[in-house]
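The values are calculated or read from the model by the stated rules, or taken from the named source; none is laboratory data. Owing to the predicted nature of the structure, the values given are computational and were not obtained by experimental measurement. We place every Cβ from the backbone using ideal geometry, glycine too, and count neighbours over all the protein chains shown. Just the protein is used for accessible areas: all its heavy atoms, side chains included, with ligands, DNA and RNA removed. Shrake-Rupley method; radii C 1.70, N 1.55, O 1.52, S 1.80 Å.
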Amino acid sequence: MTFDGLANLVRGATFDDFLLRPHYSVIARRDPSVIDLSCRFSTNITLQRPLVSANMDTVTRAPMAIVQAEEGGLGIIDRGFRNGDIEPQVREVAKVKRMQHIIIRDPYSVTPETPLADAVALMRRRRAGTLVVVDGDRRLKGLLTERDVRFVNTKAGNVASRMTPFDALVTGQGELTLQVAEQMMVQRKIKKLPLVDKNGALIGLITAKDIHRQERLPFATRDSHGRLRVGAAIGATGDFIERAAELVKAHVDVIVIDIAHGHSVVMAKAIDTFRKSFPDVELVAGNVATADGVKFLAERGVNAIKVGIGPGGGCTTRLTTSFGVPQLQALYECRAGAGDKVPLIADGGIKRHGAILEALLFGGDTVMLGSMFAGTEETPGDTVQKTVVLPDQQRSVKVPFKVLRGMASIQAIRDRLDVEDEEVVDLESIGAEGTEVSVPARGSVRPIIHDIFKHLCSSISYGGAGSLAELVKMFRADPLRYLVKLSASSKKESYDR
Ligand code: XMP
């Protein structure tokens, strides 16, 4: 039976309804640094790892997006900012884009006449160790580093009095490759290399730190300038076009129009309006859970589609509306019914690492995870100490928690509204479709991501393939070679622990 013939088998099914039969392994080492896990995120963006962190205000802000991109995936900054309050979201995007560069095109700069106190304040505000000194025509005049202002009275004097002047600097002429820049930096024992054109005008700055990072993170998701990639979500009404314009100005790599029901007149209008202003911006839309929904969005020229109505951890859509499609069935129907042209993001419902592979086999090109990352250091929000009673020992202990909440929970909606709105809108009358829960605070998300990759490699080994793409291809060519539908007792044997 081919992939297209699976409709009956997957009807009503989700991840825990199947296991996959193991096959002869052809892999010597289950090593994520050598096994190819690359995938399509959208029509114009490829990822080395099929992971995307959810656009939720308790999951993805700059710290999470940076780690995701460094590890080869992508983070989508949520739209949980107040209507009209665009700057905070733009700031999160800018933080990611500034994180890693091959060449920093717009380094923080001052003029020789800038008071030293202002330059120091700028360094502190931007956490920049180096300022480039340029004149009114952007001609390079010098560099001012933290070391130049240490132990001196910065209340008096100007930048010219402390900077390393142009004549004493090593500079690169024109666009240099990373290798040439690195050679120059090693030979001349410098950590910063400003680049100038033939008229002496600044064209960029290369730092040893960026080169080092570049080498340390071979799978990182970068744009053509070597900056980490990042996405940002917007709504379908209100300030969404203005928001998109500011995000695009901040070099966001992809915009996600994210609404609960993406197969809708509201979405059609939003995409139309968006495309008029931004014909070339990479656009993801969602969520949908049917082949018709995918076709509807694909026809409107989006570059990827989020699939998932109601499987998410913080989500109560199915409880409150009785609408939704079991996630594995949804992925299958979207893929089989709508073809291969537009990449699909399997969004929500992944509670164990093994389910990631199923999401990718049945239809997703990438998976979007929210609760799997909840409580980690990189998620936004404070850690609070809660008293927890240990049931057996009749004593209580303080345990650190963080909040995970659905973006359609009352709490998240309230935070997105203006105070004045709150007076007008009866919050309780809003049909909330999400919950807020406390999850134990844990360390960095990085080891979780690494474990996911290791487990994916093990899955590829069990599946008898050499790469993720190969396993997907083998599965889709002959799914019954793999699929084992589980009975209630075999589910228990498999997943009850
Ligand atoms: P997981 O299972 O990874 O799912 O936590 C993350 C996805 O859940 C969706 N989401 C919601 N869905 N009401 C919903 O119906 C909500 O309040 C809500 N918040 C998040 C979203 O698609 C996310 O990526």
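For residues that are open to solvent by 20 Å² or more (accessible area, probe 1.4 Å) and more than 16 Å from the ligand (Cβ to nearest atom), scanning just region 274-290, find the one that is farthest from the chain's Cα centre (by Cα). Outline the logic, then answer.
Taking region 274-290 and keeping what is open to solvent by 20 Å² or more (accessible area, probe 1.4 Å), we get 275-281, 290.
This time we only want the ones that are more than 16 Å from the ligand (Cβ to nearest atom), so: 275-281.
Working: ARG275: 23, LYS276: 26, SER277: 24, PHE278: 21, PRO279: 22, ASP280: 20, VAL281: 17 Å.
Top of the filtered list is LYS276.
So, in region 291-303, of the ones that are part of a loop (DSSP other than H, G, I, E, B) and under 17 Å from ASP347 (Cα atoms), which residue ends up farthest from the ligand (Cβ to nearest atom)? For region 291-303, the residue satisfying everything is ASN303. Only residues that are modelled with pLDDT under 75, among the aliphatic types (A, V, I, L, M) and either assigned to a strand (DSSP E or B) or within 16 Å of the ligand (Cβ to nearest atom) (or both) were counted across region 389-425, and they come to 1.
Can you tell me which residues in region 17-32 are open to solvent by 60 Å² or more (accessible area, probe 1.4 Å) and in contact (Cβ under 8 Å) with a residue 40 or more places away in the chain? Step through it out loud before you land on a result.
Residues of region 17-32 that are open to solvent by 60 Å² or more (accessible area, probe 1.4 Å), as a first pass: 19, 21-22, 24, 26, 28-30.
Matches in region 17-32: LEU19, ARG21, PRO22, TYR24, VAL26, ARG30.
Is there a residue in region 360-368 that is modelled with pLDDT under 95 and of a type in the set (A, V, I, L, M)? No, because not a single residue in region 360-368 is modelled with pLDDT under 95 and of a type in the set (A, V, I, L, M).
Consider region 458-497. How many of its residues are of a type in the set (A, V, I, L, M, F, W, C), assigned to a helix (DSSP H, G or I) and touching a residue at least 24 places away in the same chain (Cβ under 8 Å)? Write out each step before concluding.
First, pick out the residues of region 458-497 that are of a type in the set (A, V, I, L, M, F, W, C): 460, 465, 468-469, 471-472, 474-475, 477, 480, 483-484, 486, 488.
Subset that is assigned to a helix (DSSP H, G or I): 460, 468-469, 471-472, 474-475, 477, 480, 488.
Applying the additional criterion that residues be touching a residue at least 24 places away in the same chain (Cβ under 8 Å) yields 460, 468-469, 471-472, 475, 477, 480.
Adding up the residues that qualify gives 8.
Of everything in region 77-101 that is part of a loop (DSSP other than H, G, I, E, B) and open to solvent by 50 Å² or more (accessible area, probe 1.4 Å), the residue that is nearest to ASN55 (Cα to Cα) is ARG79. Annotation: ALA233 fulfils all but one of (1) open to solvent by 50 Å² or more (accessible area, probe 1.4 Å); (2) outside any helix (DSSP H, G or I); the unmet one is (1).
Residue count for region 381-404 under the criterion of being closer than 10 Å to ALA441 by Cβ, open to solvent by less than 100 Å² (accessible area, probe 1.4 Å) and among the polar types (S, T, N, Q): the result is 1.
Evaluation of THR320 against the conditions (1) out of contact with any Ser or Thr (no Cβ under 7 Å at 6 or more places or on another chain); (2) farther than 17 Å from PHE41 by Cβ; (3) modelled with pLDDT of 95 or more; (4) within 12 Å of the ligand (Cβ to nearest atom) shows that the sole unmet condition is (3). Scanning region 373-385 turns up one or more residues that are among the aliphatic types (A, V, I, L, M) and either within 13 Å of the ligand (Cβ to nearest atom) or assigned to a strand (DSSP E or B) (or both).
Of the residues making up region 136-170, those that are open to solvent by less than 30 Å² (accessible area, probe 1.4 Å) and either small (Gly, Ala, Ser) or out of contact with any helix residue (DSSP H, G or I) (no Cβ under 8 Å at 6 or more places or on another chain) (or both) are GLY142, LEU143.
Could you tell me whether ILE35 is in contact with a helix residue (DSSP H, G or I) (Cβ under 6 Å, 6 or more places away or on another chain) and either hydrophobic (A, V, I, L, M, F, W, C) or free of Cβ contacts under 8 Å to residues at least 40 places away in the same chain (or both)?
yes
Across region 102-116, which residue is nearest to the chain's Cα centre (by Cα) among those that are assigned to a loop (DSSP other than H, G, I, E, B) and in contact (Cβ under 8 Å) with a residue 40 or more places away in the chain? The qualifying residue nearest to the chain's Cα centre (by Cα) is ILE102. Hey, can you tell me all the residues within region 41-82 that are among the polar types (S, T, N, Q) and within 12 Å of the ligand (Cβ to nearest atom)? If the condition is that a residue be among the polar types (S, T, N, Q) and within 12 Å of the ligand (Cβ to nearest atom), then SER53, ASN55, THR58, THR60 are the ones that fit. I want to confirm something. Restricting to region 246-269 and keeping residues that are away from the ligand (no atom under 16 Å from the Cβ) and under 26 Å from THR46 (Cβ atoms), which single residue is surrounded by the fewest Cβ atoms within 10 Å (Cβ to Cβ)? Per the criteria, the residue is LYS249.
Open to solvent by 50 Å² or more (accessible area, probe 1.4 Å) and more than 26 Å from GLY5 (Cβ to Cβ): does that describe THR316? Against the criterion (open to solvent by 50 Å² or more (accessible area, probe 1.4 Å) and more than 26 Å from GLY5 (Cβ to Cβ)), THR316 does not qualify.
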